[in-house]
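Read the structure below first, then the notes.
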Amino acid sequence: MSEHGHEHEHAELPPEVQGELERLAECLGSLHDPGTGRILDELDADIEVGYEGDTVYVGVTLGYPCATLQEDWHERVREACMPTLRGGPLGKAALQFELFSDIPATEAGEVPAHMRGVKNIVAVASGKGGVGKSTTAVNLALALAAEGARVGLLDADIYGPSLPTMLGTEDARPEVRDQKFFLPVEAHGLKTMSIGYLMTEETPAVWRGPMASGALNQILTQTLWCGEGEELDYLVVDMPPGTGDIQLTLAQKATLAGAVIVTTPQDLALKDAIKGVEMFRKVDVPVLGIVENMSLHTCSNCGHTEPVFGSGGGERIAASYDTGLLGQLPLAMSIREGTDRGLPSVVSDPDGEVAQHYREIARRASAEIWLHAEEGSTPEIEIG
Ligand SMILES: Nc1ncnc2c1ncn2[C@@H]1O[C@H](COP(=O)(O)OP(=O)(O)OP(=O)(O)O)[C@@H](O)[C@H]1O
């Protein structure tokens, strides 16, 4: 992520130009940020405006990754700036805009030294198996990376590790460093680790509760997620399904930045999703929102769309449990095929509708983490 290396020095701007830039900054403060649903003035977003060589420079820094929105923001900034500048001393200046991300870290508590570079751990959980939790975790991680973040993905589903298949890394074996650390396996730009990499055909995953949670903690803390001096913006954890002891232990031990709950619209899945929300609340882990998977089915022959599993469930839970609906994914053949052949939708069809849904979910969830991190701080505006 880029830091604030984009300042312009303007020691001797004429006062009328300075005044124009101030007006501009004020007007930019009322721009709406789609990730948080707030205006910039209400956020700890940095707005920088400058003038040099007959060009007005505008930089906006948000606390979540949103690289694919650069063009969209540029357009909106242009629309906001032009009427403000028209007819004034900078009316003929060119406009240059850049969108930056500066991703805050969640206070990690007591973590081993080698994990301090992991800024935010995000759990992807579901109350019930088979709702598409792993599919969501993989695509969420890839979507965060597509938005410009450095991302790791941990397959904590020790009973049925499916990430190696979904990422096409079945044959990967992590390297061992100093006889005690695993090096993550790189896949599609992610740093990944799965208990599946360590299991062979002969060692089926017959875990009992305490053993399983021990194994999980070990694989989390014995992986060198980032090298010396490096950082990882997000570590996405594909949790085991359910809301039992293993899930609770991980939530308590790992100081999570937040949890994303995946559900399908059926009543039973929704009830289990509520248990998931309640479990994370109990241990003070912010629930970033709900992903409703397999919401609508689109017939591949006639294109007709219908809610096979009912409609509006995710939205209802989100409303009654005071959290957000991060997004809805259709029941789509392309999603299943992609994960089966090691090419999830976000990488196999990055411009497609499904990938766009996942990127929006990623931006909303990470924006939510930013809001939690920044509660209580005030915005900063720089003019010069
Ligand atoms: N939106 C979708 N449309 C079509 N198929 C999907 C969708 N989401 C997931 N699937 C498919 O459903 C199956 C189960 O998905 P996945 O493994 O992600 O679920 P899970 O909740 O992680 O399951 P488990 O509890 O077994 O780990 C997979 O074959 C996956 O490809």
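For the stretch 96-125, enumerate the residues that are small (G, A, S), assigned to a loop (DSSP other than H, G, I, E, B) and farther than 21 Å from E375 by Cβ.
Here is the first cut: in the stretch 96-125, the ones small (G, A, S) are 101, 105, 108-109, 113, 117, 123, 125.
Next cut, assigned to a loop (DSSP other than H, G, I, E, B) only: 105, 108-109, 117.
Result: G117, single match.
If I filter the stretch 78-96 for residues that are farther than 28 Å from L13 by Cα, without any contact (Cβ under 8 Å) to a residue 40 or more places away in the chain and acidic (D, E), do I get at least one hit? Break it down into steps so the answer makes sense when it comes.
Of the residues in the stretch 78-96, the ones farther than 28 Å from L13 by Cα are none.
Taking every residue of the stretch 78-96 in turn, none turns out to be farther than 28 Å from L13 by Cα, without any contact (Cβ under 8 Å) to a residue 40 or more places away in the chain and acidic (D, E).
Between a first residue in the stretch 231-249 that is more than 18 Å from L288 (Cα to Cα) and a second residue that is aromatic (F, W, Y) and at pLDDT 85 or above, which pairs have beta carbons less than 8 Å apart while being 6 or more apart in sequence or on different chains?
L232/W225
Looking only at the stretch 178-190, count how many residues are at pLDDT 90 or above and either part of a strand (DSSP E or B) or under 26 Å from T249 (Cα atoms) (or both).
Number of matching residues: 8.
Give all pairs with beta carbons closer than 6 Å in which a residue from the stretch 126-141 that is in a helix (DSSP H, G or I) meets a residue that is near the ligand (Cβ under 8 Å from one of its atoms); count only pairs at least 6 apart in sequence or on separate chains.
K133/S126; K133/V262; S134/S162; S134/D238; T135/T339; T136/V262; A137/D238; V138/M166
Restricting to the stretch 344-363, count the residues that are more than 11 Å from the ligand (Cβ to nearest atom), in a loop (DSSP other than H, G, I, E, B) and touching a residue at least 40 places away in the same chain (Cβ under 8 Å). Don't jump to the end; show me each part of the working.
Step one: list which residues in the stretch 344-363 are more than 11 Å from the ligand (Cβ to nearest atom), which gives 346-353, 355-356, 359-363.
Now drop any that are not in a loop (DSSP other than H, G, I, E, B), which leaves 349-352.
Next cut, touching a residue at least 40 places away in the same chain (Cβ under 8 Å) only: 350.
Result for the stretch 344-363: 1.
Quick one: in the stretch 233-249, of everything that is surrounded by fewer than 22 Cβ atoms within 10 Å (Cβ to Cβ) and not in a helix (DSSP H, G or I), which residue is farthest from the ligand (Cβ to nearest atom)? Before you say what the answer is, go through the steps one by one.
Filtering the stretch 233-249 for residues surrounded by fewer than 22 Cβ atoms within 10 Å (Cβ to Cβ) gives 242, 244-245, 248-249.
If we keep only those that are not in a helix (DSSP H, G or I) as well, we get 242, 244.
Working: G242: 8, G244: 13 Å.
My answer is G244.
Applying the selection to the stretch 286-307, what residues are within 13 Å of the ligand (Cβ to nearest atom), of a type in the set (S, T, N, Q) and more than 19 Å from G127 (Cβ to Cβ)?
T298, S300
Tell me yes or no: at least one residue of the stretch 57-72 is part of a helix (DSSP H, G or I) and touching a strand residue (DSSP E or B) at 6+ places or on another chain (Cβ under 6 Å). Talk me through it step by step, then tell me what you get.
Going residue by residue through the stretch 57-72, those that are part of a helix (DSSP H, G or I) are 67-72.
Adding the requirement that they be touching a strand residue (DSSP E or B) at 6+ places or on another chain (Cβ under 6 Å) leaves 70.
Looking for residues that are part of a helix (DSSP H, G or I) and touching a strand residue (DSSP E or B) at 6+ places or on another chain (Cβ under 6 Å), one finds at least one in the stretch 57-72, hence yes.
For residues in the stretch 150-167 being at pLDDT below 95 and among the small types (G, A, S), which is nearest to A251 (Cα to Cα)?
Looking at residues that are at pLDDT below 95 and among the small types (G, A, S), I get A156.
Within the stretch 332-348, can one find any residue that is in the same structural domain as P240 (by TED's automatic domain parsing), within 17 Å of P241 (Cβ to Cβ) and β-branched (V, I, T)?
Of all residues in the stretch 332-348, those in the same structural domain as P240 (by TED's automatic domain parsing) come to 332-348.
Right, trim to within 17 Å of P241 (Cβ to Cβ) and you get 339.
From what is left, the residues that are β-branched (V, I, T) are 339.
Taking every residue of the stretch 332-348 in turn, at least one turns out to be in the same structural domain as P240 (by TED's automatic domain parsing), within 17 Å of P241 (Cβ to Cβ) and β-branched (V, I, T).
For the subset of the stretch 308-343 comprising residues that are within 13 Å of the ligand (Cβ to nearest atom) and part of a loop (DSSP other than H, G, I, E, B), which member is surrounded by the fewest Cβ atoms within 10 Å (Cβ to Cβ)?
Only one residue tops the list, namely R341.
Considering V122, V60, V131, V77, which residue is under 30 Å from P164 (Cα atoms), among the β-branched types (V, I, T) and at pLDDT 95 or above?
Working: V60 fails: under 30 Å from P164 (Cα atoms); V131 fails: at pLDDT 95 or above; V77 fails: under 30 Å from P164 (Cα atoms).
One residue alone meets the criteria, V122.
The values are calculated or read from the model by the stated rules, or taken from the named source; none is laboratory data. Just so it is clear, the structure is predicted and the values come from calculations on it, not from any experiment. Here Cβ is always computed from backbone atoms with ideal geometry, including for glycine, and neighbour counts include all displayed protein chains.
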